[in-house]
Amino acid sequence: GLLIAYLDIDTVIRIIREEDQPKPVLMDHFKIDEIQAEAILELKLRHLAKLEEMEIRHEQDELAAKAAIIREQLENPESLKSLIIGELKE
């Protein structure tokens, strides 16, 4: 959500200025969920303007990698079993 806002900050600002209820408009316009819209609205605009795209993309890549690992573990019974055993041992 933050990356979307960073890349189209002018639209975000316009929506926040013009709409009485900006959250649903942000969600609909950018196809984001409520949590992402809330995160955008809670940021100070000057902070949003200073966000570095590379930092956001790096975080996005890390999250995608974690999601891929989790998906693999859920799809592979042996991997899921190993994960559960490891968690129980800890």
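The values are calculated or read from the model by the stated rules, or taken from the named source; none is laboratory data. The structure presented is a predicted model; accordingly, all values stated were derived computationally and were not measured. Reconstructed Cβ throughout: ideal geometry from the backbone, glycine too, with neighbour counts over all protein chains shown. For the accessible areas, the whole protein counts, side chains as well, though only heavy atoms, and no ligand, DNA or RNA atoms are used. Shrake-Rupley method; radii C 1.70, N 1.55, O 1.52, S 1.80 Å.
Seen against the Cα atoms of the chain and their longest principal axis, helix 77-89 is set at about 90 degrees.
Per-atom-type breakdown for the chain gives carbon and sulfur 54% of the accessible area (1.4 Å probe, protein chains only). Helix 53-75 and the longest principal axis of the Cα set of the chain meet at an angle near 40°. Helix 9-18 and the longest principal axis of the C-alpha atoms of the chain enclose an angle of approximately 60°.
Note on Glu34 and Glu72: the model spin-label points, each 7 Å out from Cα along the C-beta direction, lie 3.4 nm apart.
Within the chain, the percentage of alpha carbon pairs spaced more than 21 angstrom apart rounds to 47%.
Rolling a 1.4 Å probe over the protein heavy atoms gives the chain an accessible area of 78 Å² per residue.
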